[in-house]
Structure formats: C-alpha cells, structure tokens
1. Test of understanding: among Ala179, Ala126, which residue is closer than 23 Å to Gly214 by Cα, of a type in the set (A, V, I, L, M, F, W, C) and modelled with pLDDT of 95 or more?
2. Collect the residues in the stretch 231-248 that are more than 28 Å from Thr72 (Cα to Cα) and free of Cβ contacts under 8 Å to residues at least 60 places away in the same chain, keeping them in residue-number order.
3. Give Lys151, Lys157 a once-over and let me know the one that is basic (Lys, Arg), crowded, with 17+ Cβ neighbours inside 10 Å and in the same structural domain as Ile219 (by TED's automatic domain parsing).
4. Among (1) outside any loop (DSSP other than H, G, I, E, B); (2) surrounded by 16 or more Cβ atoms within 10 Å (Cβ to Cβ), which single condition is Phe333 missing?
5. Quick one: Ala190 ticks every box in (1) within 28 Å of Phe333 (Cα to Cα); (2) at pLDDT below 95 bar one, so which box is it?
6. Out of all the residues in the stretch 52-61, is one or more modelled with pLDDT under 95 and either in the same structural domain as Leu332 (by TED's automatic domain parsing) or buried (at least 18 other Cβ atoms within 10 Å of the Cβ) (or both)?
7. Could we say that Ala84 is of a type in the set (A, V, I, L, M) and modelled with pLDDT under 95 here?
8. Just one of the numbered conditions (1) surrounded by 23 or more Cβ atoms within 10 Å (Cβ to Cβ); (2) in contact with a Leu (Cβ under 7 Å, 6 or more places away or on another chain); (3) within 26 Å of Lys155 (Cβ to Cβ) is not true of Ala247; which one?
Amino acid sequence: MNEIFEIEGGKKLSGEIKVSGSKNSALAILPACLLTDEPCIIKNIPLLTDVLVMIEILKNLGAEVEWLDKKTIKIQAKNINSNADIVLVKKIRASILIAGPILVRNGELKIAKPGGCHIGARSLDAHFEGFADLGIKLILSEKNSETYHLKALNKIKPNIVYLNEFSVTATENLMMLMAKIDGKSEIHLAAAEPHIQELGEFLKAMGAEVEGLGTHTIIIKGKKHLKGVEHTIWPDYIEAGTFFSLAASTKSDLKISNVLVNHLEMVFRNLKKMGVCYKIKNNSVFIEGKNSSLKSAKIQTLPYPGFPTDLQAIFSVMATQAKGESLIFDTLFEGRFRYVDELNQMGARIFLCDPHRILVSGPTPLYGAKIKSFDLRAGATVIIAALAAKGKSQIFGIEEVDRGYEKIEKRLQNIGARIKRIVVE
C-alpha cells in the first residue's frame with residue numbers, strides 16, 4: 001500500500017500560506033542539544049519525517065525527550081552513548097550531525113553511513129579531515145566498511161580548520177564540536193547558510209563565543225560547560241522560495257507570510273530577472289502572479305549567499321512558463337536533474353546539456369500525467385508543475401515530499417489547490 005498525491009491542475013490559487021520552521025535548522029539544533037546535560041527547549045519544530053527520525057536518534061542515544069506541546073520539545077542529555085542505531089542513521093543524511101556533539105562529550109562514535117536524497121556524490125571527507133585537525137581519527141575495520149568508527153587519540157584540542165569545500169553539515173559538525181572545546185578555533189571556507197547562522201546563535205546562547213556568522217570564516221571560543229537554552233526555530237527560507245515559484249508558475253496572487261526576507265536576496269534578484277511581480281511588507285511577500293509576465297533567465301546555484309541549489313528544480317517550473325530559453329546551472333550536485341524527464345512527460349521542453357546544466361524553452365503548456373518524486377525538492381517541483389498543468393496528475397514517491405514540507409496537501413488546499421492524498425495498491 002502506497003500513498004500518492006492526486007492533483008487537478010489549472011486552477012488559480014489565492015489567499016495566504018505561512019512558512020513553517022526550517023527543516024535544516026531543526027536538524028542541526030536538535031543534535032546540538034547533546035552538547036549540554038541541562039534541558040533545552042526547542043519551539044516551532046517542523047513536523048517532518050526527517051526531523052522526527054532525528055528525534056528518535058537522540059532518544060536512542062540516551063537523551064530524554066518530552067513533547068511540551070504540538071511543536072515544542074524538551075531535550076535533556078544527561079548521559080549519551082557512542083553507538084548510533086544503524087537503521088535510524090541510514091534513513092537521513094543529517095544523522096551525521098550527531099558526530100560533533102558525541103565526539104566532544106564521549107571521545108568516540110560508531111555510526112553507519114548516513115542516508116538521504118540521491119542527488120549526487122556527497123562525500124564526508126570534509127567532516128573527517130576537519131575532525132582529524134582536532135585530534136580525532138577515523139578507524140575503518142574493513143576497506144569498504146559500512147560503519148565509521150571515530151575516536152579521539154588524546155585530548156581534543158582547538159585548532160584552525162580549512163574545509164575542502166563549502167560543506168554545510170561539516171561546518172555544523174565542527175561548530176558544535178568546537179563550541180565545547182576550551183580555547184579558540186577557526187573554520188575557514190565555512191558554509192554561511194541561514195541555518196549555519198541560526199546554529200551559531202544557538203551556540204552563543206549556550207555560552208560559546210562565535211564570530212563571523214554569515215561569512216566563510218567562523219571563529220569560535222568554546223567552553224567546556226555549555227548551558228541549556230530555549231530557542232524558537234527560524235522560518236524555512238527554502239520553503240518560502242518554493243511558495244514564490246508556486247504563485248508565479250500557477251499565475252496566482254498569494255501572500256506568503258512568516259518570511260525572513262533578509263535571507264533571500266539572491267532569490268528576489270532571480271524573481272525580478274524572470275519578471276515576477278512581488279511586494280515585501282514586514283515579514284510577508286505578496287506574489288502577483290496574475291500580473292507577472294515571465295521571461296527567461298540564466299540561473300546559477302552557488303553556496304550562500306548565492307542562489308540555493310535546493311531551489312533550482314523548483315524555479316525550473318517557472319522557466320517552463322517563461323518566454324525564451326532559460327539556462328539553469330547547478331554547480332553543486334550532478335544528480336539534481338532527475339525531475340527533467342517528469343516535466344518533459346507533462347509537456348515541458350527541457351534539454352539536459354550535461355549533469356550540471358539544463359536548457360528550458362518556454363512558454364509551454366503543461367498537462368496532467370503520472371509522475372514520480374525522486375527526491376525532496378524534485379517532489380515540490382512536480383507538485384507545482386501538476387498544479388500549473390491542465391488535467392489530472394498522480395504523483396508517486398510522495399514520502400520524499402513529507403521529508404521537507406509539513407502537511408503540504410492541507411496547506412495547499414487552504415489556498416484553493418485541488419490536491420488530495422490517497423492510498424493505492
């Protein structure tokens with residue numbers, strides 16, 4: 001038995017849709033609670049499958065978890081063990097984020113290779129090389145071992161670390177580890193995404209000194225004792241960008257509320273390039289899809305503050321409705337274009353130039369079809385395409401969408417979308 005989305009497209013949407021708490025922020029801040037034996041209270045938890053798996057991983061490690069209300073959780077990690085549950089770890093890529101906190105508390109960790117979306121090669125070398133600079137050795141019992149054994153050789157000491165790439169999760173792991181080491185450490189070529197900045201603010205609240213957030217050099221003066229804190233997860237800037245594309249692609253007027261607009265400068269620049277009419281008022285963005293005349297553009301993904309790779313697929317739907325040829329260049333991952341065949345099946349004209357570039361010709365009418373979600377962002381992409389298309393679509397593999405968009409069908413129904421979740425054999 002599987003669940004699918006059934007969508008009747010071609011209908012204008014209207015009203016307001018609110019942005020939920022950030023998935024990526026929650027997946028870093030929850031394991032950061034392991035850095036202290038004092039209780040932490042985390043509010044605005046997005047109820048997503050990835051986040052719920054992370055909570056189960058923390059419980060399995062020995063943390064006490066209590067839900068205070070529907071979206072507020074209390075975590076206290078008085079004692080934690082060093083062996084992560086293999087089945088849980090393989091469910092999500094973010095499971096690697098328990099490494100920093102456990103290593104700095106216990107000096108050792110055994111963890112299976114993490115799971116996650118199949119969007120291309122995502123090596124953990126940046127993590128292991130950074131750990132090595134701090135005195136932590138990677139031990140593999142076999143050449144092709146499915147389990148990583150990390151162990152501090154002696155006392156973990158502060159140091160200067162140069163990453164081999166702008167790795168978000170490696171930056172997060174090192175930040176958490178350094179926050180609990182007495183002394184001053186630095187991360188060069190650090191990632192700068194909003195969820196990195198939020199983790200930094202969380203660590204500062206716990207007692208660490210953190211400088212350089214939002215830049216590619218982060219300086220941390222850690223403290224052996226970190227305190228428990230209360231924190232509210234920031235709104236998800238990727239979800240906000242998803243709703244911008246939804247409004248423009250379906251030619252709908254929508255109010256997107258609870259938006260941290262200062263995190264979306266390059267997204268707004270690309271909206272403007274593509275002819276999308278929008279207004280910003282406080283923490284709300286009004287997309288005027290009916291008055292927008294979409295035009296082609298070149299979109300290139302880059303590490304933050306560049307255009308996010310998580311939005312390139314989602315903006316490609318807009319490109320199918322734009323006049324001219326759009327070049328979309330994903331510089332980061334070579335497996336991000338699996339959705340192209342699905343959109344072409346619906347009537348799009350997209351040419352795959354190479355593993356990193358596509359050429360989208362528009363505007364083309366889209367038609368309902370049976371399509372599949374191959375990963376989280378591809379899932380959001382085909383939902384938007386189905387809502388913009390004429391006729392009925394069925395979307396398979398929607399468990400991928402549930403990993404990153406909370407109760408998406410109900411929220412879309414509230415703005416007039418004809419979408420329902422059904423069970424099929």
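1. Numbers: Ala126 fails: modelled with pLDDT of 95 or more.
From the options Ala179, Ala126, the qualifying one is Ala179.
2. Looking only at the stretch 231-248, we keep the residues that are more than 28 Å from Thr72 (Cα to Cα), and these are 245-248.
Scanning the stretch 231-248 gives no hits.
3. Values: Lys157 fails: crowded, with 17+ Cβ neighbours inside 10 Å.
Criteria check complete, one pass: Lys151.
4. Going through the list (1) outside any loop (DSSP other than H, G, I, E, B); (2) surrounded by 16 or more Cβ atoms within 10 Å (Cβ to Cβ), Phe333 breaks only (1).
5. With respect to (1) within 28 Å of Phe333 (Cα to Cα); (2) at pLDDT below 95, Ala190 is out only on (2).
6. Taking the stretch 52-61 as the starting set, the residues that turn out to be modelled with pLDDT under 95 are none.
No, the stretch 52-61 has no match at all.
7. Working: of a type in the set (A, V, I, L, M): yes; modelled with pLDDT under 95: yes.
Taking the combined requirement at face value, the residue satisfies it.
8. Of everything listed in (1) surrounded by 23 or more Cβ atoms within 10 Å (Cβ to Cβ); (2) in contact with a Leu (Cβ under 7 Å, 6 or more places away or on another chain); (3) within 26 Å of Lys155 (Cβ to Cβ), Ala247 misses just condition (3).
The values are calculated or read from the model by the stated rules, or taken from the named source; none is laboratory data. Since this is a predicted model, take the numbers as computed values, not measurements. Note that each Cβ is placed from the backbone with ideal geometry, even for glycine, and that neighbours are counted across all protein chains shown.
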